[in-house]
């Protein structure tokens, strides 16, 4: 997945907002002010850090050499994924979806309702 496709997918998540709080080198995607993805967009290959359930984070690290403990992040909850072509776009989208879902699940009920509506399940 290239940068344009990655930004399109990340930006399409409900409530997603781009930010540059750490400077121009790291594109941060947030939902309700909480980070769910960090993209080192100037690196070749690109890297993206994503939140994951701790056991799932460990499993992905064991299964895929392109996945490592989150760089400068809580290593229990974050992975850094090198987009070197070794992972399928489908798997990357699954990782992004899980990261977004974990952040949304941690929001206050009122924030989730405002984001998703009263009848929407966490996507």
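The peptide list 31-39, 55-63, 14-22, put in order of mean Cβ contacts within 10 Å with the highest first, becomes 31-39, 55-63, 14-22. The protection proxy used here, the mean number of other Cβ atoms lying within 10 Å of each residue, ranks peptides 87-94, 105-112 as follows, highest first: 87-94, 105-112. Computed over the chain, the quotient of the alpha carbon radius of gyration and 2.2 N^0.38 Å is 1.02. Each label was represented as a point 7 Å from its Cα along the Cα-to-Cβ direction; for residue 89 and residue 28 these points are 2.9 nm apart. Note on the chain: helix-only mean residue ellipticity at 222 nm, from DSSP H runs of 4+ residues weighted -39500 (n - 2.57) and normalised by residue number, equals -11000 deg cm²/dmol. Axis of helix 54-63 versus longest Cα principal axis of the chain: the two differ by about 30°, to the nearest ten degrees.
Comparing Cα centroids, segment 1-47 and segment 89-116 end up 14 angstrom apart. Per-residue Cβ neighbour counts within 10 Å put 64, 71 in the sequence 71, 64, beginning with the fewest.
Where a number appears in this text, it was derived from the coordinates with a stated rule and is not lab data. Just so you know, these numbers come straight off a predicted model, no measurement behind them. Glycine gets a Cβ as well: all are built from the backbone with ideal geometry, and neighbour counts include every protein chain shown.
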